[in-house]
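Visitor: Can you read through this structure? Questions will come right after.
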Amino acid sequence: MRIIFVSTSVGPLGSGIGGGVELTLRTLATGLVRAGHSVTVLAPMGSVLASTGSVVAPTDSALSALDTVGSANHMVEVDGALHVPSQTLGRAAPLVVPQNSVLENMWQRALELARTGDFDVVLNFAYDVQPFVEASECAIPVAHLVSMGSLSDEMDSAVDAALENRPGSIAMHSRAQAQTFGTETAQRAIIVGSGIAVDEYDFSPTFTEDVAFVGRISREKGIDDVFAVSAMSGRQVRAFGVMEDRTVWDAAAEKFPEARVHYEGFLPTNQLQRKLGMCAALIMVHQWMEAFGNVAIEAMACGVPVITYDRGGPAEIVRDGVTGFVVPPDDVRAVVDALGRIGSIQRQQCRALVAEQYSERAFAGRVAAWLGSLVRQ
Ligand code: UDP
């Protein structure tokens with residue numbers, strides 16, 4: 001298949017602002033190319049696709065439809081204003097389109113490319129209604145990989161309309177995520193999970209007493225409880241991720257002065273995995289319905305067990321007592337207790353489960369099967 005990826009419009013790839021979508025896109029681009037497909041990525045200006053050096057270039061006629069082509073990765077960088085992430089807006093808030101929107105600009109390019117006849121399908125990664133509108137104008141099928149749970153009324157309607165117009169065009173990462181859109185939608189959405197390039201993560205048999213938190217520093221990721229776990233357990237927590245909301249961090253630090261939470265910054269995968277691998281466990285104490293939680297499989301690939309609240313995707317990934325512990329949501333004491341039992345988890349098991357179910361190859365295979373069924377419709 002010849003596939004066009006249209007990236008998220010909230011930040012350039014590699015910035016971390018796009019959260020798990022960035023890693024998902026990169027993994028899929030590489031995995032699909034390795035499986036013999038071609039991938040052309042449209043993404044905001046400044047994007048880097050790091051380890052996707054093998055992504056195939058668009059054909060000459062497709063290239064002629066473009067003004068700018070990022071030659072290194074066969075990625076097309078598109079100019080324009082970034083969008084505000086949906087998770088920072090209220091449910092009823094209209095999804096605002098900025099002047100000279102990068103999302104509109106990316107879709108203009110996507111529609112042009114689709115008309116060349118050189119592509120089979122477009123895969124949308126943005127959590128926004130605009131791509132659903134554009135899909136009706138597109139010369140080839142548009143598939144939507146929805147990256148978050150239900151957050152906005154407008155988005156819910158767009159998802160339902162897409163399922164009506166083109167059944168099979170919506171995929172999600174976990175059953176729990178799909179369920180937030182209602183039972184009927186959940187039954188019709190394709191569940192593809194997620195995946196990582198497992199060989200980019202070294203298995204670490206040795207580790208320290210430190211605990212890891214990986215994610216955007218934001219309210220929904222549960223920073224307050226990260227500090228609470230450190231304070232209650234006496235363990236040092238290493239926090240990796242983009243500092244999205246410093247007020248949340250400062251408030252938690254003030255509330256738990258005895259907590260030892262060290263901010264490590266936002267690191268590229270190769271550095272992140274090295275430091276993550278040295279930790280005794282990853283804690284996932286999110287306040288929102290986490291759609292999947294790429295960081296859970298990244299930690300497990302390093303051999304690091306995961307302790308997660310029973311909320312959203314991570315609870316579908318972690319096998320309680322085998323690759324970590326699933327504890328009741330918002331129960332900080334239960335997280336601390338689980339930390340005390342973490343020695344019973346075999347780190348090799350964590351790695352083995354990821355290699356089996358969440359490898360780049362397995363994930364790309366599921367997505368290729370989904371896209372293939374749309375193309376054949
Ligand atoms: N991440 C990273 N470096 C860091 C911290 C995080 O590359 O120092 C990446 C991590 O690999 C993961 C993403 O940030 O892919 C967070 O994704 P997740 O799906 O866990 O949450 P989201 O932010 O999408 O809600």
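Visitor: For the stretch 253-322, which strands (runs of 3 or more DSSP E) that fit wholly inside it have 2 or more residues that are within 13 Å of the ligand (Cβ to nearest atom), of a type outside the set (A, V, I, L, M) and modelled with pLDDT of 95 or more?
Guide: It comes to 260-265.
Visitor: Which of the residues spanning the stretch 118-141 are within 21 Å of the chain's Cα centre (by Cα) and either among the acidic types (Asp, Glu) or within 22 Å of Val96 (Cβ to Cβ) (or both)?
Guide: If the condition is that a residue be within 21 Å of the chain's Cα centre (by Cα) and either among the acidic types (Asp, Glu) or within 22 Å of Val96 (Cβ to Cβ) (or both), then Asn124, Phe125, Ala126, Tyr127, Asp128, Val129, Gln130, Pro131, Phe132 are the ones that fit.
Visitor: Continuing with this model, one more query. Go through (1) under 27 Å from Ile190 (Cα atoms); (2) hydrophobic (A, V, I, L, M, F, W, C); (3) over 16 Å from the mean Cα position of the chain (by Cα) for Ala291 and report which single condition fails.
Guide: All conditions are met except number (3).
Visitor: Kindly establish whether Met172 is closer than 26 Å to His286 by Cβ, within 15 Å of the ligand (Cβ to nearest atom) and buried (at least 19 other Cβ atoms within 10 Å of the Cβ).
Guide: yes
Visitor: Could you check how many residues of the stretch 241-252 are more than 16 Å from the ligand (Cβ to nearest atom) and surrounded by 16 or more Cβ atoms within 10 Å (Cβ to Cβ)?
Guide: Here the count works out to 1.
Visitor: Looking at Val39, Val48, which is the one that is touching a residue at least 12 places away in the same chain (Cβ under 8 Å), closer than 24 Å to Ser101 by Cβ and within 14 Å of the ligand (Cβ to nearest atom)?
Guide: None of the other options fit; the residue is Val48.
Visitor: In this structure, does Ser157 turn out to be under 22 Å from Val10 (Cβ atoms), away from the ligand (no atom under 16 Å from the Cβ) and either at pLDDT 95 or above or among the hydroxyl-bearing types (Ser, Thr, Tyr) (or both)?
Guide: Spelling it out, Ser157 is indeed under 22 Å from Val10 (Cβ atoms), away from the ligand (no atom under 16 Å from the Cβ) and either at pLDDT 95 or above or among the hydroxyl-bearing types (Ser, Thr, Tyr) (or both).
Visitor: Another one. Output the qualifying pairs, or none if there are none: Cβ atoms under 9 angstrom, residues six or more apart or on different chains, first residue in the stretch 176-188 and touching a residue at least 40 places away in the same chain (Cβ under 8 Å), second residue of a type in the set (D, E, K, R).
Guide: That search, which allows pairs on different chains as well, returns Ala176/Glu290; Ala176/Arg311; Ala176/Glu316; Gln177/Glu290.
Visitor: Would you point out which residue out of Ser147, Ser194, Ser152, Ser101 is touching a residue at least 24 places away in the same chain (Cβ under 8 Å), touching a Pro at 6+ places or on another chain (Cβ under 9 Å) and either under 29 Å from His37 (Cα atoms) or of a type outside the set (A, V, I, L, M) (or both)?
Guide: Exactly one residue qualifies, and that residue is Ser152.
Visitor: Here is a follow-up. Can you pull out every residue in the stretch 1-35 that is within 16 Å of the ligand (Cβ to nearest atom), hydrophobic (A, V, I, L, M, F, W, C) and in contact with an Asp or Glu (Cβ under 6 Å, 6 or more places away or on another chain)?
Guide: Listed by number, the list holds a single entry, Leu13.
Visitor: Looking only at residues that are in contact with a Gly (Cβ under 6 Å, 6 or more places away or on another chain) and assigned to a helix (DSSP H, G or I) in the stretch 323-360, which one is surrounded by the most Cβ atoms within 10 Å (Cβ to Cβ)?
Guide: Only one residue fits best here, namely Cys350.
Visitor: Given the options Arg333, Arg347, Arg376, name the one that is touching a residue at least 40 places away in the same chain (Cβ under 8 Å) and more than 17 Å from Met284 (Cα to Cα).
Guide: That would be Arg347, the only listed residue that is touching a residue at least 40 places away in the same chain (Cβ under 8 Å) and more than 17 Å from Met284 (Cα to Cα).
Visitor: Quick check on my filter: what residues within the stretch 115-154 are among the acidic types (Asp, Glu) and more than 19 Å from Pro94 (Cβ to Cβ)?
Guide: Residues satisfying the conditions are Asp118, Asp120, Glu137.
Visitor: Any residue in the stretch 283-295 that's farther than 13 Å from Phe213 by Cβ: show its pairings with residues that are hydrophobic (A, V, I, L, M, F, W, C) and near the ligand (Cβ under 8 Å from one of its atoms) at Cβ separation under 6 Å, as long as the two are six or more apart or on different chains.
Guide: As it stands, the answer is Ala291/Met148; Asn294/Leu23, since those pairs meet every condition given.
The values are calculated or read from the model by the stated rules, or taken from the named source; none is laboratory data. Remember, it's a predicted structure, so these values are computed and weren't measured experimentally. Counting neighbours? That spans all protein chains shown, and the Cβs are built from the backbone with ideal geometry, glycine included.
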